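Right, one structure below, let's go through it.
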Amino acid sequence: MRGQIVAGNWKMNNDLSETESLITSLKAQTKTSNAEVMVAPTATNLYSAYNSLKGSGVEVIAQNMHFAANGAYTGEVSASMLKSVGVQTVILGHSERREYFNETDEMLAKKIDAALENDMRVIFCFGEELADRKSGNHENVVESQIKNALFHLEADAFKSIVLAYEPVWAIGTGETASPEQAQDMHAFIRKTLADKYGADVADSVSILYGGSVKPNNAVEIFSKPDVDGGLIGGASLNAEDFFAIVNAF
Ligand code: 13P
């Protein structure tokens with residue numbers, strides 16, 4: 001059966017010493033749920049975070065990577081570089097990467113291939129904008145994001161893929177999708193996968209929700225049958241809040 005996952009996306013927050021002090025606070029927390037726990041520090045802090053969290057049960061993951069193995073891509077980081085500092089999982093396709101760094105579905109398909117070729121796990125993010133939701137086009141948008149980036153893969157690849165539905169209008173805004181809106185979309189995502197790959201594959205893939213998940217709404221969101229966890233931004237920068245969400249299962 002698919003696993004529950006709570007991942008903290010720290011985005012471009014916390015220098016080295018702030019990262020270390022957040023990790024110290026994380027290690028003081030008690031996990032009472034079965035959820036897998038992951039945190040994504042900024043690239044410069046991955047190696048120290050990996051060493052500090054080794055053996056703690058909290059996995060250190062990356063926020064992004066390039067699709068090429070190496071070469072003339074100033075400022076970029078490759079899959080093998082991430083792996084060399086202990087990182088096994090990468091977030092790809094976050095809406096901030098799509099919006100501010102012009103990441104396209106086509107580019108993301110290449111990044112996903114590179115991660116899988118390097119035996120990495122991918123948390124693939126997608127989600128509609130407010131205008132899409134208002135015009136009733138949200139399912140079409142999500143369906144095409146999934147198809148364009150993932151549907152070239154063989155069914156077997158989905159053992160290494162986690163999906164994260166993050167409606168852009170709910171990220172950092174304090175506005176969450178209602179638990180029913182999240183459930184409806186997650187069920188739609190699972191059906192989209194089932195139509196292409198069959199129910200067994202669709203049922204085995206964890207689908208996370210992201211967008212203003214907080215300690216006071218996590219229980220209700222995570223109670224929905226197709227919501228298998230969360231990708232947490234703001235609330236993951238506080239160890240107690242983050243573990244309140246981890247323990248909301
Ligand atoms: P917030 O939890 O701050 O809304 O961010 C969600 C997110 O973008 C996680 O990747």
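Between Lys214, Lys191, Lys196, which is in a loop (DSSP other than H, G, I, E, B) and not polar (S, T, N, Q)?
On the way: Lys191 fails: in a loop (DSSP other than H, G, I, E, B); Lys196 fails: in a loop (DSSP other than H, G, I, E, B).
None of the others qualify; the one that does is Lys214.
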* With the checklist (1) touching a residue at least 24 places away in the same chain (Cβ under 8 Å); (2) more than 16 Å from the ligand (Cβ to nearest atom); (3) in contact with a Ser or Thr (Cβ under 9 Å, 6 or more places away or on another chain); (4) over 16 Å from Leu237 (Cβ atoms) in hand, flag the one item Asn70 doesn't pass. => (1)
* Structure fact -> Result of the Cβ filter at 9 Å on the stretch 228-245, keeping first residues that are closer than 18 Å to Thr173 by Cα and among the acidic types (Asp, Glu) and partners that are in a helix (DSSP H, G or I) and within 8 Å of the ligand (Cβ to nearest atom), at least 6 apart or interchain, is Asp241/Gly234; Asp241/Ala235
* Checklist (1) away from the ligand (no atom under 16 Å from the Cβ); (2) of a type in the set (A, V, I, L, M); (3) in contact with a helix residue (DSSP H, G or I) (Cβ under 8 Å, 6 or more places away or on another chain) applied to Ala131, failing item -> (3)
* Does the stretch 199-227 hold any residues that are more than 15 Å from the ligand (Cβ to nearest atom), out of contact with any strand residue (DSSP E or B) (no Cβ under 9 Å at 6 or more places or on another chain) and in contact (Cβ under 8 Å) with a residue 40 or more places away in the chain, and which are they? -> Val201, Asp203, Ser204, Glu220, Ser223, Pro225
* To do: Within the stretch 1-40, track down each residue that is within 13 Å of the ligand (Cβ to nearest atom), assigned to a loop (DSSP other than H, G, I, E, B) and not aliphatic (A, V, I, L, M).
  => Trp10, Lys11, Asn13
* Asked: In the stretch 1-16, how many are among the charged types (D, E, K, R) and over 19 Å from Arg97 (Cβ atoms)?
  -> 2
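Do we find that Val87 is under 15 Å from the mean Cα position of the chain (by Cα), β-branched (Val, Ile, Thr) and assigned to a strand (DSSP E or B) in this structure?
Numbers: under 15 Å from the mean Cα position of the chain (by Cα): yes; β-branched (Val, Ile, Thr): yes; assigned to a strand (DSSP E or B): no.
Criteria not met by Val87.
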* To do: Give the residue, chosen from Ser52, Ser33, Ser80, Ser56, that is surrounded by 17 or more Cβ atoms within 10 Å (Cβ to Cβ) and not hydrophobic (A, V, I, L, M, F, W, C).
  => Ser52
* Structure fact -> Going through (1) acidic (Asp, Glu); (2) out of contact with any Gly (no Cβ under 9 Å at 6 or more places or on another chain); (3) over 24 Å from Glu36 (Cβ atoms) one by one, Glu175 fails only at (2)
* Test: Asp132 is free of Cβ contacts under 8 Å to residues at least 12 places away in the same chain, assigned to a helix (DSSP H, G or I) and at negative phi -> yes
* **Residue ID - surrounded by the most Cβ atoms within 10 Å (Cβ to Cβ), chosen from residues in the stretch 86-125 that are at positive phi and more than 16 Å from the ligand (Cβ to nearest atom)** => Gly86
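Mind listing just one residue for me: the one in the stretch 167-178 that is assigned to a loop (DSSP other than H, G, I, E, B) and in contact with a helix residue (DSSP H, G or I) (Cβ under 6 Å, 6 or more places away or on another chain) and, of those, farthest from the ligand (Cβ to nearest atom)? So that I can check it myself, show each step before the final result.
Looking only at the stretch 167-178, we keep the residues that are assigned to a loop (DSSP other than H, G, I, E, B), and these are 167, 171-178.
Filter once more, keeping what is in contact with a helix residue (DSSP H, G or I) (Cβ under 6 Å, 6 or more places away or on another chain): 176-177.
Values: Thr176: 8, Ala177: 11 Å.
Per the criteria, the residue is Ala177.
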* Asked: Which condition number does Asp156 fail, the rest of (1) part of a helix (DSSP H, G or I); (2) closer than 27 Å to Val77 by Cβ; (3) within 15 Å of the ligand (Cβ to nearest atom) being met?
  -> (3)
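Computed from the coordinates by the stated procedures, all read-outs in this text should not be read as laboratory data. This structure is a prediction, so every number in the text was calculated from the model and none was measured. Please note: Cβ atoms are built from the backbone with ideal geometry, for glycine as well, and neighbour counts cover all protein chains shown.
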